[in-house]
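Asks: Here it is, the structure, as structure tokens.
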Amino acid sequence: MSGLEQKLYQLIISRLDGEKLSSIQYQERASELVRKGIGGFILFGGKRDEVKTFINKLQSVSEIPLFIASDIERGVGQQIDGATHFPCQMAVAAAINKNKSADVRLLEDAINAVSHEAIDIGINMPLIPVMDVNRNPDNPIICTRAFSDNQENVSWYGKTYIKTIEDAGLISCAKHFPGHGDTTIDSHMALPVISKSADELMNTDIFPFRKAIKAGAGSIMLGHLSIPAIDELPASLSKKVITGLLRTELGYEGLVLTDALNMHALDEYENVPAMCINAGVDILLHPADAGSAVEELKQAVASGKIDEGTIDTAVERILKYKSKIKNIRNPGIDYQEHAGFSERISDKSVTLVKDSYRVLPIENTQSVSLVFAADENKHDLSTLKNFISGHIKIKDCKKESLQETVVFALFTSIAAWKGSSGIRAESINIIRELIKNSRNSIVISFGSPYALRHFPEADALIAAYDTSGQAQSSVIKCLTGEREFAGSLPVRLPF
């Protein structure tokens, strides 16, 4: 590869919206980037066959294989209609006992299912697993995306993902180095600062990344995080973090990519692409505009701010990994079997945190009121509503209208740009008052298990880790006694 511009495009993974593929103009813009030498795309949304056809088309016209990355922490169905949706990483840790061989087999089957669906669609760089250790109960962006608040457990599950994904021929991605688990700020919205000592970081947050490197992670994603114990600069712009810590001290030789460059954490900084490359980054993920990023890099090379040798080193590493993904074998896909794996993990994940007065199982739903603390526009609550007909939103709740057993269903989401993973103080106060006045009270968290910490006085506390219809069905099986509660809590709660 000779032309500087082509080399600079190789460093970039640009956004591809599967939902926009019906537009010929949109397809043409993506094809134009391929002609310029783009390194690849990060895929969001779309329909299975449409996306698969278009990715195949792009790969067939690209001189160099394209990286096709995607955030599929909850399976390919998280992004693509018609693919399988799996429970989140925390639900996986709740469901899978690493000391039981049948559980380990189920986990490997599930990761293979995700890998094979990725291969079928054309994704060769699944941006998984999350290796953050979730130490902050109010973390607005990691929370249930993490396996646990324990670094040993995070490492074990993460290693299993990495080995299985890499064995399938794909490039795994351990994220978000050096660890996004102890923040209260979503880096999509602002720059989190982690005020820990270097020793604390090494022993907790960086510990899983050491294990990920040993397990053969093909790539590591940098978080937009400021860690003053190492460098005031965000990790994704810091030579001390990337070249000093990750490359030299930890000995990592794989691909290093940034988190998405369109996130607000980096708003205060200028010449971000050039700073990233000088710090030791190989791949710039999701800049707002690929062409502008290339222009900035060209100017930085022309002015001597970036040595062209630095670009060549990154391109060399990229091409080495691209030769690996050239001949990935497309396995047969059994979507029904994959749905079965997903359901089994979901069923096994439901965790009984407390049942002081043996109020479970529920034998007669007629004597039960269901109270929702949820934004109904964000969640489909129909599965639970069909189970208990007497349902009501928290804001419309009056204690005299409730049955003798009250089930409180708390729905919390972890989503980029949202800035929160908890429930409002106002809702907490109402629920606590209603618990006090109820004969039997059951609080179920769909989403963050930390929401349960506000209700130690409830008779029963149950953690499900997802808001999906499947998670609701799994909880219902346990509430009625059709299934035993089999999950174990992956994080500590203060009771």
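The values are calculated or read from the model by the stated rules, or taken from the named source; none is laboratory data. This is a predicted model, so every value here is computed, not measured. With ideal geometry, Cβ positions are generated from the backbone for all residues, glycine too; neighbour counts draw on all protein chains shown. For the accessible areas, the whole protein counts, side chains as well, though only heavy atoms, and no ligand, DNA or RNA atoms are used. Shrake-Rupley method; radii C 1.70, N 1.55, O 1.52, S 1.80 Å.
Asks: Could you figure out which of (1) surrounded by fewer than 19 Cβ atoms within 10 Å (Cβ to Cβ); (2) over 18 Å from residue 119 (Cα atoms); (3) in contact (Cβ under 8 Å) with a residue 40 or more places away in the chain; (4) out of contact with any Asp or Glu (no Cβ under 8 Å at 6 or more places or on another chain) isn't true of residue 56?
Replies: (2)
Asks: Say we look at the range 198-214 and pick out the residues that are open to solvent by 30 Å² or more (accessible area, probe 1.4 Å) and not acidic (Asp, Glu); which of these is nearest to residue 285 (Cα to Cα)? Quick ask: steps written out before the conclusion?
Replies: Restricting attention to the range 198-214, the residues satisfying the condition of being open to solvent by 30 Å² or more (accessible area, probe 1.4 Å) are 198-200, 202-203, 207, 210-211, 213-214.
Those still in the list that are not acidic (Asp, Glu) too: 198, 202-203, 207, 210-211, 213-214.
On the way: 198: 27, 202: 26, 203: 28, 207: 24, 210: 23, 211: 24, 213: 21, 214: 24 Å.
Within the range 198-214, the match that is nearest to residue 285 (Cα to Cα) is 213.
Asks: Specify the residue that is modelled with the lowest pLDDT; the eligible residues are those in the range 92-143 that are of a type in the set (Val, Ile, Thr) and in a loop (DSSP other than H, G, I, E, B).
Replies: Here is the first cut: in the range 92-143, the residues of a type in the set (Val, Ile, Thr) are 92, 96, 104, 111, 114, 119, 121, 123, 128, 130, 133, 141-142.
In the following step, the residues that additionally are in a loop (DSSP other than H, G, I, E, B) were identified as 96, 123, 128, 133, 141-142.
Values: 96: 98, 123: 98, 128: 98, 133: 97, 141: 84, 142: 89.
Looking at residues that are of a type in the set (Val, Ile, Thr) and in a loop (DSSP other than H, G, I, E, B), I get 141.
Asks: Condition first: open to solvent by 10 Å² or more (accessible area, probe 1.4 Å) and over 23 Å from residue 69 (Cβ atoms). Now tell me which residues in the range 113-144 satisfy that.
Replies: 135, 136, 137, 138
Residue-by-condition table, conditions (1) over 22 Å from residue 126 (Cα atoms); (2) touching a His at 6+ places or on another chain (Cβ under 7 Å); (3) small (Gly, Ala, Ser):
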| site | (1), (2), (3) |
| --- | --- |
| 149 | yes, no, no |
| 155 | no, no, yes |
| 159 | no, no, no |
| 162 | no, no, no |
| 166 | no, no, no |
| 169 | no, no, yes |
| 176 | no, no, no |
| 184 | yes, no, no |
| 188 | no, yes, no |
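Asks: Of everything in the range 351-365, what is surrounded by fewer than 18 Cβ atoms within 10 Å (Cβ to Cβ), more than 24 Å from residue 87 (Cα to Cα) and among the hydrophobic types (A, V, I, L, M, F, W, C)? Give them in sequence order.
Replies: Once the filter is applied, which keeps residues that are surrounded by fewer than 18 Cβ atoms within 10 Å (Cβ to Cβ), more than 24 Å from residue 87 (Cα to Cα) and among the hydrophobic types (A, V, I, L, M, F, W, C), the range 351-365 yields only 359.
Asks: For the range 165-194, give me the residue count where each residue is more than 17 Å from residue 238 (Cα to Cα), more than 14 Å from the chain's Cα centre (by Cα) and not aliphatic (A, V, I, L, M).
Replies: 6
Asks: Are there any pairs with C-beta distances below 8 angstrom linking a residue in the range 102-115 that is under 18 Å from residue 88 (Cβ atoms) to a residue that is open to solvent by 50 Å² or more (accessible area, probe 1.4 Å), with the two at least 6 apart or on different chains, and if so which?
Replies: 103/97; 106/344; 113/337
Asks: If you scan the range 145-178, which residues turn out to be open to solvent by less than 10 Å² (accessible area, probe 1.4 Å), part of a helix (DSSP H, G or I) and closer than 18 Å to residue 94 by Cβ?
Replies: Across the range 145-178, the qualifying residues are 154, 155, 158.
Asks: Which of the numbered conditions does residue 217 fail, given that it passes all the others? Conditions: (1) under 25 Å from residue 143 (Cβ atoms); (2) open to solvent by less than 10 Å² (accessible area, probe 1.4 Å); (3) in contact with a helix residue (DSSP H, G or I) (Cβ under 6 Å, 6 or more places away or on another chain); (4) outside any loop (DSSP other than H, G, I, E, B).
Replies: The single condition residue 217 does not satisfy is (4).
Asks: Quick check on my filter: what residues within the range 41-61 are over 20 Å from the mean Cα position of the chain (by Cα) and either in a strand (DSSP E or B) or more than 19 Å from residue 329 (Cα to Cα) (or both)? Give the steps one after another, and end with the answer.
Replies: Going residue by residue through the range 41-61, those that are over 20 Å from the mean Cα position of the chain (by Cα) are 47-61.
Those that are over 20 Å from the mean Cα position of the chain (by Cα) and either in a strand (DSSP E or B) or more than 19 Å from residue 329 (Cα to Cα) (or both): 47, 50, 61.
Asks: Residues 326, 239, 322: which one is touching a residue at least 40 places away in the same chain (Cβ under 8 Å), open to solvent by less than 30 Å² (accessible area, probe 1.4 Å) and not polar (S, T, N, Q)? Break it down stepwise before answering.
Replies: Numbers: 326 fails: open to solvent by less than 30 Å² (accessible area, probe 1.4 Å); 239 fails: open to solvent by less than 30 Å² (accessible area, probe 1.4 Å).
Exactly one residue qualifies, and that residue is 322.
Asks: Take the residues in the range 407-458 that are part of a loop (DSSP other than H, G, I, E, B) and of a type in the set (Phe, Trp, Tyr); name whichever of them is modelled with the lowest pLDDT. Before the answer, list the steps.
Replies: Let us first name the residues in the range 407-458 that are part of a loop (DSSP other than H, G, I, E, B), namely 412-424, 437-439, 447-448, 455-458.
Next cut, of a type in the set (Phe, Trp, Tyr) only: 417, 455.
Values: 417: 41, 455: 96.
Step by step, filter the range 407-458, then rank; the result is 417.
Asks: Have a look at 431, 442, 423 and point out the one that is within 22 Å of the chain's Cα centre (by Cα), of a type outside the set (S, T, N, Q), crowded, with 19+ Cβ neighbours inside 10 Å and more than 20 Å from residue 93 (Cα to Cα).
Replies: Values: 431 fails: within 22 Å of the chain's Cα centre (by Cα); 442 fails: within 22 Å of the chain's Cα centre (by Cα).
The conditions single out 423.
Asks: Given 253, 268, 316, 249, which one is more than 30 Å from residue 211 (Cα to Cα) and surrounded by fewer than 22 Cβ atoms within 10 Å (Cβ to Cβ)? Quick ask: steps written out before the conclusion?
Replies: On the way: 253 fails: more than 30 Å from residue 211 (Cα to Cα); 316 fails: more than 30 Å from residue 211 (Cα to Cα); 249 fails: more than 30 Å from residue 211 (Cα to Cα).
Step by step, each of 253, 268, 316, 249 is checked, and only 268 is more than 30 Å from residue 211 (Cα to Cα) and surrounded by fewer than 22 Cβ atoms within 10 Å (Cβ to Cβ).
Asks: Being modelled with pLDDT of 95 or more, among the β-branched types (Val, Ile, Thr) and closer than 19 Å to residue 160 by Cβ: is that true of residue 213 here?
Replies: Working: modelled with pLDDT of 95 or more: yes; among the β-branched types (Val, Ile, Thr): yes; closer than 19 Å to residue 160 by Cβ: yes.
Taking the combined requirement at face value, the residue satisfies it.
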